[in-house]
Structure formats: structure tokens, C-alpha cells
Amino acid sequence: MKRKFVTNLILLLSLNLLIKPFWIFGIDRTVQNMVGDESYGMYFALFNFSLLLNILLDVGITNFNNKNIAQHNFLLKKHLSNIVGLKFLLAIVYTVFSLIVAAIIGYGKIQFHLLFFLIFNQFLISFTLYLRSNISALHLFRTDSLLSVLDRSLMIVICSVLLFPGYFRNHFTIEWFVYAQTAAYLLTFLITFLIVLNKSGKISIQFNPKFFIVFLRKSYPYALLILLMAFYNRIDGVMLERLLPEPLGKQQAGIYAQAFRLLDAVSMFGVMVAGLLLPIFAKMIKHREPVEQIIKLSFTFLFVTAVVVAVSSIFYCYEIMEVLYHSNTEHSSEILGILMTGFIGIATTYVFGTLLTANGSMKQLNWMAFTGMVINVSLNLYLIPRYQAFGSAYASLFTQIVTAGAQVILATMVFKLKPNYLFLMKLLAFAGITVVFAFVSLQFGNWFYGYSFMIAASVLSAFLLKLFNIGDLFKIIAPR
């Protein structure tokens with residue numbers, strides 16, 4: 001299992017490092033600079049709104065299906081025939097509910113137009129993720145890795161044409177950006193569906209109420225968890241845009257989006273690790289195999305990444321944001337350091353939360369997520385009117401650290417994990433050394449050289465502390 005995890009993680013990282021940074025910094029950032037913080041802030045708030053209610057499209061199906069098919073491969077064809085029909089019914093529920101809520105909170109004509117396409121995009125994303133859950137559950141990780149970057153690759157091609165100097169660039173609007181996403185998601189969905197169909201054989205779409213009820217009873221705890229976590233991860237942008245007066249709300253949402261984009265970018269490491277870990281953990285738990293080594297390996301990778309990202313973002317926040325954006329960088333740069341510190345908590349969640357999900361410890365996870373949602377919403381209600389985007393950033397940081405700590409405690413209790421004090425001391429030592437290297441790097445005359453030195457020295461220190469062992473890694477990935 002260690003070899004399967006490491007080799008597929010290397011492939012997944014390689015593909016995503018080639019594609020997704022170019023999308024985030026080359027396309028998404030360029031769009032915000034072109035259309036302005038206010039226009040992009042409106043899109044950012046609407047996008048987050050569509051994500052908040054996204055759970056109605058899935059109701060926990062994807063996570064439960066990944067775990068279930070990983071343990072019982074023979075159910076693929078039966079479940080696929082029924083779940084395809086269920087997904088279309090859920091799409092209707094999601095659309096109606098989203099539009100009603102949008103009307104209640106006072107969205108206007110322009111916002112409704114964008115929201116309609118964003119709702120359709122969420123349907124395509126959700127359906128594609130469900131289809132991919134079957135592929136990863138079958139441990140076809142290489143195919144799933146290629147599909148994970150397909151939508152972004154298509155978006156890059158489409159948006160590159162639209163942003164190329166000339167007619168399209170001169171008339172580019174935020175609406176065009178959304179349309180480009182729709183085209184890319186639709187093509188990705190069709191390709192993924194054909195691949196899954198090839199693995200399952202011919203299917204007949206069924207609308208079986210009895211199956212729907214039984215399946216939803218099993219999947220709803222996963223749905224509740226995703227809903228609660230979506231609230232404390234994504235509600236910031238919506239609350240900023242709604243709680244503050246016009247046009248301040250859209251502007252603050254846009255400023256927050258500048259920093260959040262980078263958090264979203266580094267979070268892809270956690271998403272990829274969690275995507276690999278869920279079916280691996282599920283299979284290991286079913287066969288009663290020890291999970292400690294996989295936990296240690298995955299957590300070390302994410303913790304080292306998170307500490308380097310957090311410390312570098314604190315020490316070089318102004319330089320990073322000035323390179324990326326044209327306006328309001330003095331505000332968004334400080335927000336960056338706050339949000340990136342929270343990435344340490346997010347990285348922890350991707351390991352221990354995934355372990356608990358694979359184990360089916362949904363009651364404990366849902367209570368944790370409910371507490372996190374209450375904390376986050378309460379802090380946002382208090383802090384946003386006083387500190388605007390900074391308030392949301394501090395609310396996010398506090399929530400991520402608290403929920404991550406709760407998941408570590410839960411996993412330790414459920415799996416009776418014994419603390420490795422030497423390992424924990426090495427992690428703390430690594431964090432301290434990284435901070436020291438950051439201070440030393442400030443002495444360089446050029447910030448880019450200092451930044452590069454800090455990252456390189458920190459990674460080297462992780463190997464010197466034997467958090468990573470090159471010899472062991474080669475043994476793991478070497479062909480047998």
C-alpha cells in the first residue's frame with residue numbers, strides 16, 4: 001500500500017503542478033486583474049454561494065461510493081445504473097433550492113444570470129467527481145490522475161484564446177470566464193462518463209425509489225459532513241459580500257479572493273492526498289491492516305508542505321501579492337499570511353479527517369464539523385462589520401486550527417494511536433528551523449533569492465531531520 005500511495009502521489013503531484021498553478025496564476029489571476037476586484041468579488045461570492053448548497057447535488061454519494069466500491073468492486077454496475085438517475089433528480093432539487101435562497105437574500109438580475117451557469121457547473125463537477133470516485137475505488141489511480149487535471153487543461157486552452165490580445169480580450173467580461181468553465185466541465189464530464197461506462201459495461205438508467213431511500217440513508221452522514229465543512233470553509237466570501245454595504249462588500253470579497261486563491265492553490269496538495277488515502281484507508285481497515293505507517297507518511301508530507309507555505313507567506317506576503325495583483329495588495333498581503341497559517345490545520349484535516357471518514361466515524365465527524373460551522377459563522381458575524389476581510393481571515397484561521405485538533409484527538413481515540421514523541425519533536429524542530437531560515441533569508445538583497453533560499457533550506461532540513469528518508473523512498477517506489 002505504501003508503494004501504491006507514493007508512486008501515484010508522485011504522478012498526481014506532477015500532473016497538477018504542471019497544470020493547476022498555470023490555471024490559478026496564469027488564467028484566474030489574470031481575469032481578476034482584467035475585470036477588477038468589484039466584478040470578480042461578485043463572481044467569487046456567487047461561486048462560494050453555489051458551493052455552499054452543492055451538497056444537495058451529492059448528499060454524500062461520492063465519499064460513500066468511493067469507500068463502498070473500494071471494498072466491494074462487484075457493486076459498480078448495479079450502483080452506477082441507479083445513481084445516475086438519482087443524480088439527475090438531485091440536480092433538480094439543488095437548482096430549485098439554490099434559486100429560492102438566492103431570491104430570499106436579494107440577488108439581482110445580473111447575479112441570477114451568473115448563478116444559473118454556476119449552478120450548472122456545480123452539477124457537472126459533482127457528477128464528474130462521482131464518476132471519478134468509481135475509478136479511484138477500483139484503484140485505477142493513474143486514470144483518475146489524468147482526469148483530475150482534464151477540466152483545468154481545457155479551461156486553459158479556452159481562456160488563453162479569449163485572453164489573447166485582440167477582439168476577445170478587449171471585450172472580455174466575467175460572464176465569458178464562467179462560460180469557458182461550463183464548456184470545459186461539460187467535455188470533462190462526457191469523457192469521464194465514457195471511461196466509467198467502459199469499466200462497468202452497458203448500463204440502464206433506473207429510477208428505483210427503494211434503492212434511492214436505502215442508499216441515501218447510508219450516504220446522508222457523509223452529506224451532512226460535507227455541508228457543515230463547506231459552511232466553515234466557504235461562507236466567508238458570501239458573508240463579506242452580504243454583510244457589508246455596496247460597493248464595499250464586493251470590494252472586500254475581491255480582496256479576500258486574492259489571498260484565498262493562493263490558499264486554494266496549495267490546498268490541492270491536501271485534496272490529492274485525501275483522494276488517494278480514502279480508498280486505501282477503506283481497504284486497509286476492511287482487512288484490518290495497520291494504518292500507522294500510511295498516516296505518518298502522508299501527514300509528514302502535508303505538514304512539511306504546510307509549514308513551508310505558511311512561514312514563507314508570512315515573511316514574503318507583500319512581495320508575493322505585488323507580483324500577482326494590480327490593486328489592494330497592501331490589504332490582501334496581510335490576509336495571505338493569516339489564511340496560509342490556517343493551511344496547517346487544513347493539511348491535518350486531510351489526513352485524519354479522511355481516516356475517520358474511511359472508518360465510517362461519521363457521528364463524531366459531524367459533531368466536530370457542526371462545532372466548526374458555529375464557531376466560524378459566529379466569528380464572521382462579529383468580526384466582518386468591524387474588520388471586514390481581515391475579520392474573515394482570522395475567523396478562518398481559528399476554525400481550521402480548532403477543527404484539525406479535534407480530528408487528531410478523535411482519530412487517536414478511535415484507532416488507539418500511540419503518540420510518537422520523537423516524531424512530534426522532529427516536526428516542532430522543523431517548524432522552528434523554518435522560521436529561523438526565514439529570518440536569515442531577509443538578509444538577502446533580492447527578495448526572490450531570499451525566498452528561494454528559505455524554501456530550499458527548509459526542505460533540506462526535513463531530510464536532515466529524517467522526516468523524509470531518500471533511501472526508504474527509493475525502496476518504496478522501486479519496481480518489484
Only unsatisfied item for I100, checking (1) farther than 19 Å from V178 by Cα; (2) among the hydrophobic types (A, V, I, L, M, F, W, C); (3) in contact (Cβ under 8 Å) with a residue 40 or more places away in the chain, is (3)
Need at least 1 residues that are open to solvent by 10 Å² or more (accessible area, probe 1.4 Å) and at pLDDT 80 or above per element, so show me which helices (runs of 4 or more DSSP H) inside region 131-176 make the cut, counting only ones lying wholly within it.
141-148, 150-163
Selection count, region 449-470, where residues are open to solvent by 20 Å² or more (accessible area, probe 1.4 Å) and free of Cβ contacts under 8 Å to residues at least 24 places away in the same chain:
9
Please indicate, with yes or no, whether at least one residue in region 288-307 is in a helix (DSSP H, G or I), of a type in the set (D, E, K, R) and under 30 Å from R29 (Cβ atoms).
no
Within region 322-381, work out how many residues are among the aromatic types (F, W, Y) and touching a Lys or Arg at 6+ places or on another chain (Cβ under 9 Å).
1
Would you be able to tell me the number of residues in region 190-204 that are open to solvent by 30 Å² or more (accessible area, probe 1.4 Å) and either at pLDDT 70 or above or touching a Pro at 6+ places or on another chain (Cβ under 9 Å) (or both)?
8
If you go through region 213-250 one residue at a time, how many are under 24 Å from the mean Cα position of the chain (by Cα), within 30 Å of D37 (Cα to Cα) and of a type outside the set (S, T, Y)?
17
Please work out which one of (1) under 21 Å from A358 (Cα atoms); (2) open to solvent by 50 Å² or more (accessible area, probe 1.4 Å); (3) touching a residue at least 12 places away in the same chain (Cβ under 8 Å); (4) not basic (K, R) is the condition I409 fails and give its number.
(3)
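The values are calculated or read from the model by the stated rules, or taken from the named source; none is laboratory data. Quick caveat: nothing in here was measured; it's all calculated off a predicted structure. As a convention, Cβ positions derive from the backbone with ideal geometry for all residues, glycine included, and neighbour counts pool all protein chains shown. The area values use the complete protein model at the heavy-atom level, side chains included, leaving out ligands, DNA and RNA. Shrake-Rupley method; radii C 1.70, N 1.55, O 1.52, S 1.80 Å.
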